[in-house]
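Asker: Handing you this structure, nothing more for now.
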Amino acid sequence: NKILIKNKILAPGLIIQSMMLQSFSHSTSSLMISKMQGNIIDILYAPLSALEVSISIILAAVTRSIIIGIVSTLVFFFIVDLKITNILYIFYSAFFGSFFIGSLGFVTGLWATKFDHTATITNFIITPLAFLSGVFYTIDKLPSIFQTISFFNPFFHIINIFRYGFLGTSDGNLFFGMIFLPLLSLLGWFFAYILYKNGYKIKT
């Protein structure tokens, strides 16, 4: 028998949260560990442009994130009465959400020189934003002022669109979120690209 979990809202939130954390972790560690071990030189001497390097690392993070999402979803199907309403919304949120967070991870990987730096970003920026975006609840439970603040939290739109793909219900403006996420992804990538192209802290 399936384990009875009354709140179906929790499952999509947990799935997308794990995906975002994995996307951030992948792109961050790809750069930071390469710098620490000295094999970043292999990337620098390869006939690859800054565009190709930044896009490839971020897309690798997206791929890892989506694989984690698929596995997590399959597991939840066995323990929650979870149904997919619209898979296009799920994929849209997963792709652009992972791309944006992967871009942040890329920037963090360039900036960080030790694991304490990445832990700082994860613990004080990424995790709080995720927890305050409706992973464990819908934002209609919050006071109006915090609902307004959540509207500007990228994680909220990632989770809201992803959850809509499963449940068919939305806490926020789907149209705004579906425009907001690609723009953030583009800006995040462009920032990562410019930093890498200019050689920002490539060598520790």
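Asker: Which value, in Å² and to the nearest 10, is the accessible area of Leu88 when all protein chains are kept and the probe is 1.4 Å?
Answerer: Result for Leu88: roughly 130 Å² accessible.
Asker: Given a 10 angstrom Cα cut-off, can you work out which residue in Phe175, Phe191, Phe96 is the most mobile in a GNM of the chain?
Answerer: Greatest mean-square fluctuation among the candidates belongs to Phe175.
Asker: Just the accessible area per residue of the chain, please: how many Å² with a 1.4 Å probe?
Answerer: That works out to 52 Å² for each residue.
Asker: Right, something else. Would you check the chain for Lys pairs whose C-alpha atoms are within less than 18 Å, ignoring same-chain pairs closer than 8 in sequence, and give me the count?
Answerer: Taking the Cα cut-off of 18 Å, the pair count is 11.
Asker: Taking only Cα atoms and a 10 Å spring cutoff, compute GNM fluctuations for the chain and point out the largest among Val135, Val80, Val107.
Answerer: Val80
Asker: Further question: Name the most mobile residue of Ile90, Ile149, Ile126, meaning the one with the largest mean-square fluctuation, in a Gaussian network model of the chain with Cα contacts below 10 Å.
Answerer: Ile149
Asker: Let me ask something additional. Measure off, as a whole percent, the carbon and sulfur share of the 1.4 Å-probe accessible area of the chain, all protein chains present. Kindly include the intermediate steps, with their values, before the conclusion.
Answerer: Values: 7410 of 10570 Å².
Taking all protein chains in place, the chain shows 70 percent carbon and sulfur surface.
Asker: If you don't mind, another one. How much net charge surrounds Gly177 when only other residues with a Cβ under 12 Å from its Cβ are counted (Lys, Arg +1; Asp, Glu -1)?
Answerer: Here the count lands on 0.
Asker: Still on this structure, please answer the following. Once you order the gyration tensor axes a ≥ b ≥ c over the Cα atoms, which shape class does the chain get: rounded for a/c under 1.5, otherwise prolate or oblate by comparing a/b with b/c? All intermediate terms of the calculation are to be shown ahead of the outcome.
Answerer: Values: a/c = 2.08, a/b = 1.82, b/c = 1.14.
Taking the square roots of the gyration eigenvalues as a ≥ b ≥ c, the chain is prolate.
Asker: In whole Hz, what ³J(HN,Hα) sequence does the range 154-167 give by Karplus (6.51, -1.76, 1.60; θ = phi - 60°), x for Gly and Pro?
Answerer: Values, residue by residue: x, 4, 4, 5, 4, 5, 4, 5, 4, 5, 4, x, 8, 9 Hz.
The values are calculated or read from the model by the stated rules, or taken from the named source; none is laboratory data. Bear in mind the structure is a predicted one, so any value in this text is a computation, not a measurement. Glycine also receives a Cβ, built like all others from the backbone with ideal geometry; neighbour counts cover every protein chain displayed. Note: areas computed on protein heavy atoms with side chains; ligands, DNA, RNA excluded. Shrake-Rupley method; radii C 1.70, N 1.55, O 1.52, S 1.80 Å.
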